[in-house]
1. Cα centroid distance between segment 336-397 and segment 217-241, in Å?
2. Say we join alpha carbon atoms closer than 10 Å with springs in a Gaussian network model of the chain; which of V314, V124, V153 then has the biggest fluctuation?
3. Once the Cα gyration tensor of segment 19-138 is found, what semi-axes does its equivalent ellipsoid get, as square roots of 5 times the eigenvalues, in whole Å, sorted largest first?
4. What is the percent carbon and sulfur in the accessible area of the chain, measuring with a 1.4 Å probe over the protein chains and ignoring ligands?
5. By per-residue mean of other Cβ atoms within 10 Å, what is the highest-first order of 40-51, 329-340, 23-34?
6. Report the semi-axes of the equivalent ellipsoid for the chain in whole Å, largest first, where each axis is √(5λ) for an eigenvalue λ of the Cα gyration tensor.
7. Determine the alpha carbon to alpha carbon distance for each of K233/K306; K306/K345; K233/K312; K3/K47 and list only those over 23 Å.
8. How large is the convex hull of the C-alpha atoms of segment 347-420 per residue, in Å³?
Amino acid sequence: MPKRHVIVVGAGAAGLMAAGQSAAGFDPATPGAETILLEKMDRPGVKLRITGQGRCNVTNTDPMREMVAHFPAGEHFIRPALYRFSNESLRSFLAELGVPTEVQRGGRVFPVSEDARDVVAALVRWVTRQGVTLRTESAVEQLLTEPGRVVGVRTVDGRVYRGDAVIVATGGASYPSTGSTGDGYAFARSAGHTIVPIQPALVPLETAGQTAPRLEGLSLRNVNVSVWIDGRKETDAFGEMVFTAFGVSGPVILTLSRVVVGALRAGRRVTLAFDLKPALDHPTLDARLLDEISASPQRHVRNLLKELLPSKLVPVCLDLVGLAPHRAAHQITAGERKRLRVWLKDFRLPVTDHRPLREAIVTAGGVDTSEVDPHTMASRLVAGLHFAGEVLDVDGETGGYNLQAAFSTGWVAGRSAAAG
Ligand SMILES: Cc1cc2nc3c(=O)[nH]c(=O)nc-3n(C[C@H](O)[C@H](O)[C@H](O)COP(=O)(O)OP(=O)(O)OC[C@H]3O[C@@H](n4cnc5c(N)ncnc54)[C@H](O)[C@@H]3O)c2cc1C
């Protein structure tokens with residue numbers, strides 16, 4: 001049987017996995033395909049190198065049935081791919097490539113070396129061993145089609161590559177300096193696919209006033225953040241966050257950002273409420289405040305607050321609650337103690353905007369998954385055309401879910417494109 005020819009566009013997480021699986025040949029009935037991997041940048045995996053702040057949170061240890069719940073878009077579509085190439089499969093695969101992984105807080109999985117470059121280097125060595133031809137500085141500009149099927153691609157330098165199958169793994173449209181500039185959406189549209197409008201997901205938020213800038217750089221580990229839309233509580237999440245020069249970021253904020261972006265775009269009013277003492281209910285917190293006051297009644301309010309808050313938060317708390325820093329603790333009135341308690345449990349910041357798409361960790365929207373077979377990643381409209389990774393309308397929360405989705409869909413697309 002003559003070998004099939006597979007073209008993979010984009011050497012990110014999904015494209016590297018797809019190309020290697022396509023070339024590998026995984027059983028005697030389906031020999032590996034002649035596979036070419038075309039990458040626009042001068043080296044593969046540029047975005048992969050900056051993931052997890054350079055440490056690369058490759059996946060999460062969630063059991064599979066729980067993992068799908070971490071995909072706000074594409075939950076049902078992604079399920080078969082996750083089951084075929086799971087988080088455990090990914091960890092074993094990386095270990096075989098010489099990149100053992102370890103589990104950190106929240107089930108997040110990282111390479112033991114905590115160096116994303118090790119993941120990229122191992123994948124590149126692996127695809128090379130499988131016989132994949134990797135061409136960098138080869139930006140694809142057009143899909144070549146004949147009625148009902150794809151026959152190849154053309155690169156910007158005018159080269160034509162012909163193949164039996166094309167896998168579009170061009171990523172989303174955020175962090176465009178990494179090469180992910182949304183080209184795949186245009187390719188898919190030219191082949192007749194619907195593109196679900198793209199917008200930032202997992203994106204930092206901008207907040208009103210000077211509170212966030214005053215707190216810039218302060219990270220909070222155990223905070224519960226609620227999203228209030230037009231005065232009604234919509235959702236909440238617990239975890240880590242950080243204040244920035246323009247507002248707020250960090251895992252818990254990124255997770256909530258999807259809801260916030262949707263509300264802001266619909267012209268609704270969004271406020272974040274921070275519970276800085278989520279482990280204490282109101283009566284327990286009040287008792288704690290009374291204990292602190294009676295333990296040192298002459299202590300200045302400012303020093304009392306240092307027992308309860310990171311020091312950077314103390315002056316902000318004093319200003320917002322309206323307490324003089326040098327008053328003695330025993331002079332705090334019952335009303336002031338109540339205001340302080342309410343602030344500690346429900347400190348609010350209005351959201352003015354979200355950061356732009358280019359600063360989003362992930363792009364929401366993309367190729368409409370109803371037009372793609374979840375078992376093969378093949379287009380239901382054009383024979384031979386496949387999609388993998390973030391170009392699809394699938395996005396996960398923070399915690400390793402997006403890379404797992406890219407690897408799983410890449411794995412499925414590579415194998416099915418090679419099998420024909
Ligand atoms: C700062 C940051 C940190 C992140 N950290 C994590 C994390 O720790 N864990 C996690 O799960 N997710 C993380 N993500 C998300 C994750 O990186 C992406 O979801 C994932 O990389 C998507 O993989 P992909 O292969 O689909 O796309 P990409 O990795 O974006 O790869 C697409 C590739 O296609 C190439 N390309 C594009 N157009 C063309 C063209 N016309 N011709 C040829 N090549 C082309 C690009 O140059 C690029 O190399 C992070 C994202 C960012 C921005």
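The values are calculated or read from the model by the stated rules, or taken from the named source; none is laboratory data. Keep in mind that what you see is a predicted model, and the values were worked out from it rather than measured. Virtual Cβ from ideal backbone geometry, glycine too; neighbours counted across all protein chains shown. Side chains included, ligands, DNA and RNA excluded: accessible areas come from the protein's heavy atoms. Shrake-Rupley method; radii C 1.70, N 1.55, O 1.52, S 1.80 Å.
1. 17
2. Checking each option, the largest mean-square fluctuation is seen for V314.
3. Details: eigenvalues 121, 76, 43 Å².
The equivalent ellipsoid of segment 19-138 has semi-axes of 25, 19, 15 Å.
4. Values: 8630 of 17480 Å².
Of all accessible area on the chain, carbon and sulfur atoms account for 49 percent.
5. Values: 40-51: 19.2, 329-340: 14.4, 23-34: 16.9.
Final packing ranking: 40-51, 23-34, 329-340.
6. On the way: eigenvalues 488, 86, 58 Å².
Taking √(5λ) for each Cα gyration eigenvalue gives 49, 21, 17 Å.
7. Values: K233/K306 30 Å; K306/K345 16 Å; K233/K312 28 Å; K3/K47 32 Å.
As for pairs spanning more than 23 Å Cα to Cα, those are K233/K306; K233/K312; K3/K47.
8. Working: hull volume 8.8 nm³, N = 74.
It comes to 119 Å³ per residue, whole-number rounded.
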